[in-house]
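Remarks on the structure that follows.
The values are calculated or read from the model by the stated rules, or taken from the named source; none is laboratory data. From a predicted model like this one, the values you see are computed outputs, not experimental measurements. Cβ placement follows ideal geometry from the backbone for every residue including glycine, while neighbour counts extend to all protein chains displayed.
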Amino acid sequence: MDITPLQFPSVSAAGALGSIAAPGTAERVAPPTGPDTEFGSLVLDGLDRLEGLTDKADGLAVQAATGKLENIHDYTIAASEASVASQLTVSLRNRAVEAFNEIMRMQV
């Protein structure tokens with residue numbers, strides 16, 4: 001099993017993120033495009049990548065439990081990647097909720 005290098009988003013002049021795909025993720029239906037959908041697309045892409053990482057870790061865990069996994073470090077790496085991605089997602093969600101609550105408390 002090959003370990004694929006991590007890919008970091010690149011910011012173009014328009015501010016859009018480059019294409020990032022988790023290993024083994026299926027092609028998804030493209031979200032609507034337009035000036036107001038960029039943030040939503042980023043969120044959906046991040047959640048799709050998180051799902052891909054957790055699916056990969058789950059598959060390797062099953063292989064490890066059944067004895068079909070040759071290198072246990074593959075599972076350890078995948079589980080760590082999924083854990084870090086989950087922690088980042090939860091942290092971002094918490095920050096977004098805090099920002100929303102702060103905006104709602106503002107007086108107009």
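Below are the figures for this structure:
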{"quantity": "Hits in region 85-108 - residues which are in contact with a helix residue (DSSP H, G or I) (Cβ under 9 Å, 6 or more places away or on another chain) and either loosely packed, with under 11 Cβ neighbours inside 10 Å or of a type outside the set (Gly, Ala, Ser) (or both)", "calculated": "Leu88, Thr89, Leu92"}
{"quantity": "Among (1) surrounded by 10 or more Cβ atoms within 10 Å (Cβ to Cβ); (2) at pLDDT 90 or above - the single one Arg28 does not satisfy", "calculated": "(2)"}
{"quantity": "Extreme residue, modelled with the lowest pLDDT, among residues of region 31-46 that are surrounded by 12 or more Cβ atoms within 10 Å (Cβ to Cβ) and within 23 Å of Val84 (Cα to Cα)", "calculated": "Gly40"}
{"quantity": "Contacts under 7 angstrom Cβ, first residue in region 61-81 being touching a residue at least 40 places away in the same chain (Cβ under 8 Å), partner surrounded by 15 or more Cβ atoms within 10 Å (Cβ to Cβ), 6 or more apart", "calculated": "Asp74/Leu60"}
{"quantity": "Subset of region 90-108 that is part of a helix (DSSP H, G or I) and β-branched (Val, Ile, Thr) - its residue that is farthest from Leu47 (Cα to Cα)", "calculated": "Ile103"}
